[in-house]
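Take a look at the structure below.
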Amino acid sequence: MVTLGPVDDTASAAVVTEQGDLRRKIAVPWMRLISLASVVTVMTLWYVSTEYGWILPIFLPKPATVWQEAQGAFAGGLLLTDVWMSSKRVFLGFALAGIVAIPLGVAMAIWAPAKAILDPFVSLLRPLPSITWIPLTMLWLGIGESQKVAIVFMGSWIYILLYTYESTKRVDPLLIRAARNLGARDIDVMYEVIFPGALPGIITGLKVTLAISWSCVLSAEMVAAQNGLGAMIWQAKDWGNLALVLVGMLSISITVLVADQVANRIERLLLPWERDRHQ
Amino acid sequence: MHPILSAEHVTKVFAAGRGDPVVAVDDLSVDINEGEFVCLLGASGCGKSTMLNMFAGFTQPTNGTVCLRGTPITSIEPRCGMVFQSYALFPWKTVRGNVEFGLKVRRVSKDVRRERAQQFIDMVKLTGFEDHYPTELSGGMQQRVTLARLLANDPEVLLMDEPFAALDAMTRQVMQEELLRIHDANRKTTVFITHSIDEALILSNRIVVMSARPGRVKAILPNDLPSPRHVDVQLSPEYADLKRQIWQLVESEVRHHDETNN
Ligand SMILES: Nc1ncnc2c1ncn2[C@@H]1O[C@H](COP(=O)(O)OP(=O)(O)OP(=O)(O)O)[C@@H](O)[C@H]1O
Ligand SMILES: [Mg+2]
């Protein structure tokens, strides 16, 4: 529990900075300070409790041990390779899921038969966590890269589909009416109104799904992989190297946070008309 | 002279989800001539928007016909351009993108549509705001964009559903003057919905007073006040007479409406 302290704290700090309103502007300096204080407190507790032996190293290593382990993993280049391998799998599976699910989601929203065809499968597949696909994908694809990508894909596409469907459905019918009144044909309504109208919701869905994709790849790597962050944590556990496990967990947090930042940048680029909402 | 827009014995019934069907418009007939500025005046809920939506082809009458130049309107009719009460601007398009929209979907070349859009942006005095998004504009500015968007598309009839209702008194007056100036310049047939007797008196050539639900034509009054209708006209006895006359027509309807609702 204690080890999760710093990770949890970064997450809540991110939430605070995303509330875009006037209150935020006043509250931010204070909230930053409180966040910092809470991190320092937890780190101090960690340091003190391990230094004075209140918690044994086999349950929680010292901060200094973790730091050394991190330097070692970083210097050998192994850590970066793992980050890179996991990122690549996430990116491929996620991109594939988007390519498949976004058009399907739009189709479901604007063409009732498409919804009728897909609905039963969506209902059946949605409750399945991505790990339940591990046996089948291993049988079909072995334990190579494509199997990891498939797990990410299976865990991601339905969420993208549902977000796309919902946000396409919710495009203001008055705007469609206005477009037709100005002489727009079906194709214009599609490209000029429905798609841009649904885009903010689709991008929100992609951002949420990106985090899900990450958890998919990690569970896939824990079960069967030579490299990647999930495999690294699992192997470190087998060697009894708890410090390395913590380094792996921290790397996951940082990588996902960086990916989130990149996604936010891309969102701002794609939705210039919502820029006042993003400030 | 043939009317450009006509409603012949139009009835519109909405099938309500629960309860009785609503008769929004009942056996309404009206002819609108080319170049006229007609104001539709009536209590809230009397079917004014419903009528305008039928002229634009958004909904079809349950009985009777609405015609544009003698042919029934059966689907969305781009020749009858609409200004919506709630603006209905595309949030993802800039002022220029919104104004260019009608030309773009008719595949007008980029240079031509840019030039035409600019002309109407200048006309509604939004020069310098071409690259702003609608959310960055005030309500009055947004309403001017809808006007420019409509005019750049050059429809044959302008349909306006309480376009100035959400504006403050001062902006509204400026907009009214602007609209009159535009109407004087291009003589476009205009059907304009309003709650305000003064607005109807200032803008129209003819005022159609509708009865409370179900909407029927209560009276049609020609408005021959001299234009431009500045303050001196608004203080003239003729103006006061016409206003009193309309107020009496509307008052009985509003009271009647209140009673049926209570
Ligand atoms: N789509 C619809 N479905 C069901 N009933 C409707 C629908 N549209 C309008 N009505 C009903 O028809 C009647 C007339 O509505 P309409 O919007 O035309 O009134 P209005 O004169 O424009 O009122 P306001 O001045 O308040 O805008 C109302 O009683 C309304 O409840
Ligand atoms: Mg209305």
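The values are calculated or read from the model by the stated rules, or taken from the named source; none is laboratory data. What you see is a predicted model; the values in this text were computed from it and never measured. FYI the Cβ positions are ideal-geometry reconstructions off the backbone, even for glycines, and counts take in every protein chain you see. Quick note on the areas: whole protein, heavy atoms, side chains included, nothing else; ligands and nucleic acids left out. Shrake-Rupley method; radii C 1.70, N 1.55, O 1.52, S 1.80 Å.
Taken together, B:T127, B:T135 contain a single residue that is surrounded by fewer than 22 Cβ atoms within 10 Å (Cβ to Cβ), more than 19 Å from B:S86 (Cβ to Cβ) and polar (S, T, N, Q), which is B:T127. For B:G102, state whether it is more than 16 Å from ligand 2 (Cβ to nearest atom), buried (at least 21 other Cβ atoms within 10 Å of the Cβ) and not acidic (D, E). Yes, satisfied.
Filter region B:1-40 for residues that are free of Cβ contacts under 8 Å to residues at least 24 places away in the same chain and charged (D, E, K, R); which is nearest to ligand 2 (Cβ to nearest atom)? If we take residues in region B:1-40 being free of Cβ contacts under 8 Å to residues at least 24 places away in the same chain and charged (D, E, K, R), then B:D20 is nearest to ligand 2 (Cβ to nearest atom).
Looking at region B:60-71, which of the residues that are under 24 Å from A:L174 (Cβ atoms) and open to solvent by 30 Å² or more (accessible area, probe 1.4 Å) is nearest to the other protein chains (Cβ to nearest Cβ)?
So in region B:60-71, the residues under 24 Å from A:L174 (Cβ atoms) come out as B:60-62, B:66, B:68.
With open to solvent by 30 Å² or more (accessible area, probe 1.4 Å) added as a condition, the list becomes B:60, B:62.
Numbers: B:Q60: 14, B:T62: 20 Å.
Ranking the qualifying residues of region B:60-71, first place goes to B:Q60.
So, B:L201, is that one among the aliphatic types (A, V, I, L, M), part of a strand (DSSP E or B) and either within 16 Å of ligand 1 (Cβ to nearest atom) or within 18 Å of the chain's Cα centre (by Cα) (or both) or not? Judged against the criteria, B:L201 is not a match. Taking region B:4-14 as the range and being open to solvent by less than 30 Å² (accessible area, probe 1.4 Å) and either among the charged types (D, E, K, R) or outside any strand (DSSP E or B) (or both) as the test, the residues that pass are B:I4, B:K12.
Once region B:105-124 is narrowed to residues that are open to solvent by less than 20 Å² (accessible area, probe 1.4 Å) and within 14 Å of chain A (Cβ to nearest Cβ), the residue that is nearest to A:M190 (Cα to Cα) is B:V105.
I'm trying to understand the selection: among the residues of region B:204-225, which are outside any loop (DSSP other than H, G, I, E, B) and open to solvent by 10 Å² or more (accessible area, probe 1.4 Å)?
Residues of region B:204-225 that are outside any loop (DSSP other than H, G, I, E, B), as a first pass: B:206-210, B:215, B:217-222.
Of everything in region B:204-225, those that are outside any loop (DSSP other than H, G, I, E, B) and open to solvent by 10 Å² or more (accessible area, probe 1.4 Å) turn out to be B:R206, B:V217, B:K218, B:A219, B:I220, B:L221, B:P222.
Here region B:41-86 is the region considered, the condition is being among the aromatic types (F, W, Y) and in a loop (DSSP other than H, G, I, E, B), and the residue that is farthest from ligand 2 (Cβ to nearest atom) is B:F58.
Quick check, is B:L201 more than 16 Å from ligand 2 (Cβ to nearest atom) and either surrounded by 19 or more Cβ atoms within 10 Å (Cβ to Cβ) or within 19 Å of B:G45 (Cα to Cα) (or both)? Yes, satisfied.
Of all the numbered requirements in (1) under 20 Å from A:F91 (Cα atoms); (2) open to solvent by 50 Å² or more (accessible area, probe 1.4 Å), A:Q235 misses one, and that requirement is (1). Of all the listed residues (B:V112, B:V124, B:V145), the sole one being farther than 30 Å from B:Q234 by Cβ, of a type in the set (V, I, T) and out of contact with any strand residue (DSSP E or B) (no Cβ under 7 Å at 6 or more places or on another chain) is B:V112. Contact map, region B:43-56: residues that are more than 14 Å from chain A (Cβ to nearest Cβ) paired with residues that are near ligand 2 (Cβ under 8 Å from one of its atoms) and open to solvent by less than 10 Å² (accessible area, probe 1.4 Å), Cβ distance under 8 Å, separation 6+ or inter-chain. Pairs shown: B:K48/B:I193.
Residues in region B:72-96 that are without any contact (Cβ under 8 Å) to a residue 12 or more places away in the chain and open to solvent by less than 20 Å² (accessible area, probe 1.4 Å): none.
I'd like to check something: does region A:213-235 contain any residue that is within 27 Å of A:I117 (Cβ to Cβ), of a type in the set (G, A, S) and within 14 Å of chain B (Cβ to nearest Cβ)?
To start, the set of residues in region A:213-235 that are within 27 Å of A:I117 (Cβ to Cβ) comprises A:213, A:216.
Restricting the remaining residues to those that are of a type in the set (G, A, S) gives A:213.
From what's left, within 14 Å of chain B (Cβ to nearest Cβ): none.
No, region A:213-235 contains no residue that is within 27 Å of A:I117 (Cβ to Cβ), of a type in the set (G, A, S) and within 14 Å of chain B (Cβ to nearest Cβ).
Of all residues in region B:141-169, those satisfying the criterion of being in a helix (DSSP H, G or I) and buried (at least 17 other Cβ atoms within 10 Å of the Cβ) are B:M141, B:Q142, B:Q143, B:R144, B:V145, B:T146, B:L147, B:A148, B:R149, B:L150, B:L151, B:A152.
Only residues that are in contact (Cβ under 8 Å) with a residue 12 or more places away in the chain and closer than 20 Å to A:G230 by Cβ: list them for region A:62-82, please.
Those that are in contact (Cβ under 8 Å) with a residue 12 or more places away in the chain and closer than 20 Å to A:G230 by Cβ: A:V66, A:E69, A:A70, A:A73, A:L78, A:L79, A:T81, A:D82.
Considering region B:15-40 alone, what residues qualify as being more than 15 Å from ligand 1 (Cβ to nearest atom), in a loop (DSSP other than H, G, I, E, B) and open to solvent by less than 50 Å² (accessible area, probe 1.4 Å)? The answer is B:N33, B:G35, B:E36. Applying the criterion of being hydroxyl-bearing (S, T, Y) and away from ligand 1 (no atom under 16 Å from the Cβ) to the residues of region B:162-198, the residue that is farthest from the other protein chains (Cβ to nearest Cβ) is B:T171. Can we say A:L175 is within 23 Å of B:T59 (Cβ to Cβ) and either at pLDDT 95 or above or in contact with an Asp or Glu (Cβ under 8 Å, 6 or more places away or on another chain) (or both)? Yes, satisfied.
Within region B:108-132, if we keep just the residues that are among the basic types (K, R) and farther than 26 Å from B:F55 by Cβ, the residue that is nearest to the chain's Cα centre (by Cα) turns out to be B:K125.
Annotation note: Cβ proximity below 7 Å between a residue of region A:165-187 that is at the interface with chain B (Cβ under 7 Å from one of its Cβ atoms) and a residue that is open to solvent by 10 Å² or more (accessible area, probe 1.4 Å) and of a type in the set (S, T, N, Q) (sequence gap 6+ or interchain) occurs for A:L174/B:S86; A:L182/B:N153; A:G183/B:N153.
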